[in-house]
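Input: a single structure, listed below in structure tokens.
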Amino acid sequence: MFVGIDWASRAHELCVVDEEGAVLCRFGFAHSERGISEALERLAKLAAPVELPVAIERPDGLLVGRLLEAGHPVVPIHPNAFHAARPRWEGVGAKSDAGDAYRLADLLRTDHHRLRALRPLDAATRELQALVRLRDDHLAARIAATNQLQALLGQHWPGAAAIFARLDSEIALTFLERYPTPESALRLGEARLSGFLRRHAYSGRRSPSELLERLRAAPQPVQALDPGVAVELVTAQVRLVRTLLRTIDELERAIATALERHAKAQLLRSLPRIGTVSLGQIAAEVGPIVERTTSADEAAALCGAVPVTKRSGQQRGVCFRHATNAKARTALTRYADNSRHASPWAERIYREARARGCRHPHAVRILARAWLRVIWACWHTDTPYDPSRRRGRDRRLEPVTLT
């Protein structure tokens, strides 16, 4: 028997079919403790959980976790793949939640030999993944909050936005707390600015006179807000940026602690120029893919480090791989790009790719594929990365023909 679940935020539809495709039962249940428990109980009456694989259009979430905990093999179906398979069942655009549950179960029945069941993550990886993803969310929120502050200052206090290089730096935020409006900086001269910079340990290379010139050269707003309102706006936005900076620092410390409990992450600590956050992203996002694959090339495809080749007759094309794990690709390519500044081997692969006419993103993906082979070997042999072995290979300057 095969189960299909069409999930939603408040309620779900479930359908069970036999090996001939006949519907054995179908029902809906609420996204609540009672609804999920009753659904699992009804499935248990049909067969043992291990004999009831479940197809669903997502690889994670509370419902998926409950199914895995109950012992059901869970097979995630990518929404794009499911959409491409719709013509099997109808030639028109008919759609319903109950119908999708049946189609998922039927797709699992016919294609289960092609589909891969989820493997539950171990506790260390699950915790690390949650921390890394929340840190990424807060980082995106910090960028958005800084951009909002930039827009606010651009409209009402342009000089404050131009005086320092980074608006989310400690010195820039402190300056805005002290001088939130143009009126508050009317009496700010070179001597006062010099004292301000000295008190707050300004480490930039610009002199007070140069910074003051930036402040004075900025355009003046045409319709100025009431100073009291401007103070409230700027102060509130500065508090938001500061809060996000603080939570990011706290999450990075938590990631460092979580890495100590992750055995596989210790194998990769000696990778060139890999920091705490990058190591956490590799272990949390790339690690589960490396764990379940049987070759480095398979892992590279799932991480989006290799292109897609299309052949038809005499036509052949190589294009960017869109259907992949975006988080894993981002973690892997970000590390690969950073590693070339510390590893001669990585720099050589990147430069050779550029010499062949590859653009920067393409060259980085080629390098990411090379690093993934190293990571895969370390991961599956429980061997820590040894930089000295790589340096020996660098001296031999072996040719690299990755594409």
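The values are calculated or read from the model by the stated rules, or taken from the named source; none is laboratory data. What you see is a predicted model; the values in this text were computed from it and never measured. Positions of Cβ are backbone-derived with ideal geometry, glycine not excepted, and every protein chain shown enters the neighbour counts. Heads up: the accessible areas ignore ligands, DNA and RNA and are worked out on the full protein's heavy atoms, side chains in. Shrake-Rupley method; radii C 1.70, N 1.55, O 1.52, S 1.80 Å.
Summing Lys and Arg as +1 and Asp and Glu as -1 over all other residues whose Cβ lies under 9 Å from the Cβ of V306 gives a net charge of +2. Take the Cβ-Cβ distance between R351 and K95 as r, set R0 to 60 Å, and report the resulting FRET efficiency rounded to the nearest 0.05. Efficiency computed from Cβ-Cβ geometry: 0.75. Projecting label points 7 angstrom from Cα along Cα→Cβ for R126 and H112 puts them 2.5 nm apart. Taking Cα centre as origin and charging only the Cβ of basic (Lys, Arg, +1) and acidic (Asp, Glu, -1) residues, the dipole magnitude of the chain rounds to 1960 debye. Length gained on full extension, S209 to R133: 23.1 nm, using 0.36 nm per residue less the C-alpha separation.
Computed from point charges on the beta carbon alone (+1 for Lys and Arg, -1 for Asp and Glu), the dipole magnitude for the range 70-162 about its Cα centre is near 200 Debye.
For the chain, the longest principal axis of the alpha carbon atoms and the long axis of helix 227-260 meet at an angle near 50°.
For the range 130-236, applying the loop criterion from DSSP together with a ceiling of 15 other beta carbons within 10 Å to the trypsin sites (Lys or Arg not before Pro) yields R166, R187, R205, R206. Using the Karplus relation 6.51 cos²θ - 1.76 cosθ + 1.60 with θ = phi - 60°, the per-residue 3J(HN,Hα) values for the range 272-289 come to x, 6, 9, x, 4, 5, 5, 5, x, 5, 5, 5, 7, 9, 7, x, x, 5 Hz, with x marking Gly and Pro. Counted residue by residue at 0.36 nm each, then reduced by the alpha carbon distance between them, the extension gain from R253 to T276 reaches 7.4 nm. Using a 1.4 Å probe over the heavy atoms of the protein chains, calculate the carbon and sulfur portion of the accessible area of the chain as a whole percent. Carbon and sulfur together cover 52 percent of it.
Taking volume of the Cα convex hull per residue in Å³ as calculated from this structure, the corresponding entry among (1) 181; (2) 170; (3) 237 is (3).
Within the range 314-387, which chymotrypsin sites (Phe, Trp or Tyr not before Pro) sit in a loop by DSSP and count at most 11 neighbouring Cβ atoms inside 10 Å? Hits after loop and neighbour filter: F320.
Accessible surface ranking for T333, T383, T294, 1.4 angstrom probe, highest first: T294, T383, T333. Per-residue ellipticity at 222 nm computed for the chain from its helices equals -17500 deg cm²/dmol, with DSSP H segments shorter than 4 residues left out and the rest contributing -39,500 (n - 2.57).
Other residues lying with their Cβ under 13 Å from the Cβ of F29 contribute a combined charge of -1, Lys and Arg counting +1, Asp and Glu -1. Which lysines, if any, have their Cα less than 21 Å from the Cα of K95, not counting same-chain residues under 8 positions apart? Output for K95: empty list, no partners. A dipole drawn for the chain from +1 and -1 charges on Cβ atoms has a positive end, and of S184, L62, G275 the residue lying farthest that way is G275.
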